[in-house]
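What follows is calculated from the coordinates using simple rules that are stated; it is not laboratory data. What you are looking at is a predicted structure, and each value in this text was computed from that prediction instead of being measured. As a convention, Cβ positions derive from the backbone with ideal geometry for all residues, glycine included, and neighbour counts pool all protein chains shown.
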Amino acid sequence: MVINTGLIAIQGNFNSHRQKISEAFPRSNLFLIRDIYDLPEKLDLVIIPGGESSTIHLLAELSGLRKSLEKLWEQGVFFLATCAGAILLSKKIINPGLAEPWNFIEITTQRNAYGRQVDSSIQTINYTESAEKYTSHRHSEGVFIRAPKIIEVGAEVEILARCNKEPVLVKQKNVLGATFHPELSSDSPVYDILKNIICSA
Ligand code: GLN
């Protein structure tokens, strides 16, 4: 199956996603998306990476990219959003800085909820029963860098993984949001999960 992936490359940690996507989907075309002119005719997957949500938001808003992404989401294109990406796709953001919620997934996130950069950490993540249909992994490491917390989830949101009992990987329809950085771990189940969701769609 050929997967057309649009990797949002405005700012932040997008490079590490490239390798992971080419491993997960060997027959994938990857497009770096900085503005609307970079969008190819057809996309199956959009990745919004970690970075700084205020910066990504302001530049995506200015260039019109936010609106185009919203259309793709409405059309059912799958979104993987990590860290700052997950903040942006939230319905509500606590401590938003200059970011605004794009409202693709019914969660409330709190930016920088663990503290400053020095409070970043690697933790054990536990996958829930809801994740069993996508991966046989029960645990993995999770890299949390100035990460947000998901402090509220809507009724339609599936919690796929928790860390210290708090949700860190969530899915609603065509959106998968992680508060950690799966692209920085050597063997993250998030790519099994992504692959299984996309290939079974
Ligand atoms: N703290 C960043 C923000 O507010 C997110 C950090 C990250 O993406 N690793 O957007």
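Worth pointing out:
- For the stretch 130-146, 3J(HN,Hα) per residue [Karplus equation, 6.51 cos²θ - 1.76 cosθ + 1.60, θ = phi - 60°, Hz, x = Gly/Pro]: 4, 7, 4, 6, 10, 8, 8, 5, 9, 9, 7, 7, x, 9, 10, 10, 6
- Cut-off 20 Å (backbone N to label point 7 Å along Cα→Cβ of Val2), residues of the stretch 34-50: 38-47
- Rule-of-thumb Rg ratio for the stretch 33-128 [Cα; 2.2 N^0.38 Å; N residues]: 1.13
- Whole-Hz Karplus values for the stretch 22-36 come out as 6, 6, 5, 10, x, 9, 10, 9, 10, 10, 7, 10, 10, 8, 4 Hz, taken residue by residue from phi with 6.51 cos²θ - 1.76 cosθ + 1.60 and θ = phi - 60°; glycine and proline positions read x.
- Taking Arg138, Arg27 and counting other C-beta atoms within 10 Å, the order from fewest to most: Arg27, Arg138
- What the Kirkwood sum gives for the chain is a hydrodynamic radius of 16.5 Å, with every pair of different alpha carbons counted.
- Taking the chain as a Gaussian network of alpha-carbon nodes connected by springs under 10 Å, the highest mean-square fluctuation of the residues Lys91, Lys20, Lys42 belongs to Lys42.
- Separation of alpha-carbon centers, the stretch 9-75 and the stretch 139-201, rounded to whole Å: 18 Å
- Reach of Lys71 by Cα under 25 Å, taken over lysines that are not fewer than 8 positions away in the same chain: Lys42, Lys91, Lys92, Lys171, Lys173, Lys195
- Annotation note: GluC sites (Glu not before Pro) in the stretch 130-187 located in DSSP loop regions with a Cβ neighbour count of at most 15 within 10 Å are Glu132, Glu156.
- Most mobile of Thr179, Thr82, Thr128 in a GNM of the chain (Cα contacts under 10 Å): Thr128
- In sequence order, the stretch 181-195 has phi-based couplings of 10, x, 5, 9, 9, 6, 9, 8, x, 4, 6, 4, 4, 4, 4 Hz under the Karplus curve 6.51 cos²θ - 1.76 cosθ + 1.60, θ = phi - 60°, and Gly or Pro positions carry x.
- Each of Leu160, Leu80 was scored by other Cβ atoms within 10 Å of its Cβ. Arranged with the fewest first, they read Leu160, Leu80.
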